[in-house]
1. Hey, can you tell me all the residues within the stretch 1-60 that are within 22 Å of the chain's Cα centre (by Cα) and among the small types (Gly, Ala, Ser)?
2. How about the stretch 30-45: which of its residues are surrounded by 11 or more Cβ atoms within 10 Å (Cβ to Cβ), part of a helix (DSSP H, G or I) and free of Cβ contacts under 8 Å to residues at least 40 places away in the same chain?
3. Since LEU175 meets every condition but one in (1) over 19 Å from SER25 (Cβ atoms); (2) out of contact with any Asp or Glu (no Cβ under 7 Å at 6 or more places or on another chain); (3) among the aliphatic types (A, V, I, L, M); (4) part of a helix (DSSP H, G or I), which condition does it not meet?
4. Against the definition (surrounded by 18 or more Cβ atoms within 10 Å (Cβ to Cβ) and under 26 Å from MET186 (Cα atoms)), how does ILE160 come out, yes or no?
5. Return the only residue of THR197, THR115 being of a type in the set (Val, Ile, Thr), at pLDDT below 95, loosely packed, with under 14 Cβ neighbours inside 10 Å and within 24 Å of ILE45 (Cα to Cα).
6. Hey, among ILE139, ILE153, ILE169, which residue is out of contact with any Phe, Trp or Tyr (no Cβ under 6 Å at 6 or more places or on another chain), crowded, with 19+ Cβ neighbours inside 10 Å and either of a type in the set (Ser, Thr, Tyr) or in a helix (DSSP H, G or I) (or both)?
7. May I ask you to list the residues in the stretch 74-97 that are surrounded by 15 or more Cβ atoms within 10 Å (Cβ to Cβ) and not small (Gly, Ala, Ser)?
Amino acid sequence: MDVSGHLLLGAMWILWCTLHSAFISQTFTRWQERTFPRFSRFSRIAYNLFSLITFGVVYWYYRTLPSPTLWAWPEAWVYLQYLLLAAGGIIILLGAREYNQRYFLGIEQLEGTSTASGKGLKASGILRHLRHPYYTGGIIILAAWGDFTWASIISKAVLIGYLIIGTFIEERKLLDEFGDEYREYMRRTPRFFFRLTKTPAG
């Protein structure tokens with residue numbers, strides 16, 4: 001096994017996660033708005049393109065790295081794997097229904113029609129049952145995706161760890177923005193696991 005290649009893969013994923021988080025942080029975005037105010041309308045699209053391209057580079061390296069298989073999904077378990085992948089995808093899609101995708105993609109910022117600020121806390125749809133549908137769905141998909149090679153285990157560990165850390169970073173931002181309203185939402189709504197009884201929509 002190419003040990004150095006696998007260590008490089010882990011380092012590449014960690015670097016990608018670090019940059020992905022740093023470039024969307026409040027510290028960086030405020031600095032960018034002060035330093036390059038004319039670029040602000042393009043910043044979200046640029047961030048998304050940067051994230052996508054650099055993810056593609058790391059994923060390409062992951063796919064081309066020879067790595068021994070440690071565990072493969074047994075034929076009898078394949079339907080469980082498909083069920084988990086589908087569940088993760090559905091959770092993400094349900095989450096997407098509750099968020100402003102034009103803002104997420106950077107279209108509103110480019111048009112100068114951004115409406116993200118000034119909106120209240122969202123707690124409708126799937127957000128009544130769990131706080132982080134994107135992260136939850138992503139963790140499920142990563143856990144169920146493909147067979148387990150050394151390369152995939154490294155990739156899964158770094159990315160799942162990043163998603164978990166990301167929930168705490170995001171919640172800290174939301175607490176700063178919404179204060180006690182979000183604190184109450186946290187109290188009644190699970191972070192990852194569904195609560196089947198509905199809570200009042202925010």
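The values are calculated or read from the model by the stated rules, or taken from the named source; none is laboratory data. All of these numbers come straight from a predicted model, not from anything done at the bench. Cβ placement follows ideal geometry from the backbone for every residue including glycine, while neighbour counts extend to all protein chains displayed.
1. GLY10, ALA11, SER21, ALA22, SER25, SER43, ALA46, SER51, GLY56
2. Step one: filter the stretch 30-45 for residues surrounded by 11 or more Cβ atoms within 10 Å (Cβ to Cβ), giving 31-33, 36, 39-45.
If we keep only those that are part of a helix (DSSP H, G or I) as well, we get 31-33, 39-45.
Passing the criteria: TRP31, GLN32, GLU33, PHE39.
3. With (1) over 19 Å from SER25 (Cβ atoms); (2) out of contact with any Asp or Glu (no Cβ under 7 Å at 6 or more places or on another chain); (3) among the aliphatic types (A, V, I, L, M); (4) part of a helix (DSSP H, G or I) applied to LEU175, the lone miss is (1).
4. So ILE160 fails the test.
5. Selected residue: THR115, the only one of THR197, THR115 that is of a type in the set (Val, Ile, Thr), at pLDDT below 95, loosely packed, with under 14 Cβ neighbours inside 10 Å and within 24 Å of ILE45 (Cα to Cα).
6. Numbers: ILE153 fails: crowded, with 19+ Cβ neighbours inside 10 Å; ILE169 fails: crowded, with 19+ Cβ neighbours inside 10 Å.
Going through ILE139, ILE153, ILE169 in turn, the sole match is ILE139.
7. Within the stretch 74-97, GLN81, LEU84, LEU85, ILE91, ILE92, LEU94 meet the criteria.
Here's the yes/no breakdown for (1) at pLDDT below 95; (2) β-branched (Val, Ile, Thr); (3) touching a strand residue (DSSP E or B) at 6+ places or on another chain (Cβ under 6 Å); (4) over 26 Å from TYR103 (Cα atoms):
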position	(1), (2), (3), (4)
GLY5	no, no, no, yes
CYS17	no, no, no, no
GLU33	yes, no, no, no
TYR61	no, no, no, yes
